[in-house]
1. Would you check if there is a residue in segment 19-33 being within 22 Å of Ser92 (Cβ to Cβ) and at pLDDT 90 or above?
2. Would you say Phe39 is over 23 Å from Leu83 (Cα atoms) and modelled with pLDDT of 70 or more?
3. If I go through segment 68-95 residue by residue, how many of them are among the aromatic types (Phe, Trp, Tyr) and touching a residue at least 24 places away in the same chain (Cβ under 8 Å)?
Amino acid sequence: MRQNNAGCITGFITGFSRIMLLMFWIARPNVMDAMFGGFLVPCLGFLFLPFTTLMYVLLQSSAVGGISGLDWLWLFLAALMDLASLGGAAYSNRDRIPAGYPGSTPQG
């Protein structure tokens, strides 16, 4: 059986975007309020799409006329990173469902 010893680096990579987003929110709360207009969207972005939310915040805070042109590529790449993070977590936890639960497959 293969051992997976990449827990520390995986935790750092997945937590990096959330930590940076939280630091930006603490440092510049008025910018975050002006970008999103409330609390719900950035909170949901923090939980489900942290890379995309962080990239949106960085692009929107540095953009003069809004997001346009090549900025959309960066947002798309950030969304792919979020999907890859979710897919990687699902793939690594595929064997952790005990037998007998719905969705588990018999081992044989």
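The values are calculated or read from the model by the stated rules, or taken from the named source; none is laboratory data. Every value quoted in this text rests on a predicted model; they were computed, and no experiment measured them. When we count neighbours, we look across all protein chains shown, and the Cβ atoms used for this are built from the backbone with ideal geometry, even at glycine.
1. Checking segment 19-33: at least one residue is within 22 Å of Ser92 (Cβ to Cβ) and at pLDDT 90 or above.
2. For Phe39, the condition - over 23 Å from Leu83 (Cα atoms) and modelled with pLDDT of 70 or more - is met.
3. Going through segment 68-95 one residue at a time, the tally reaches 0.
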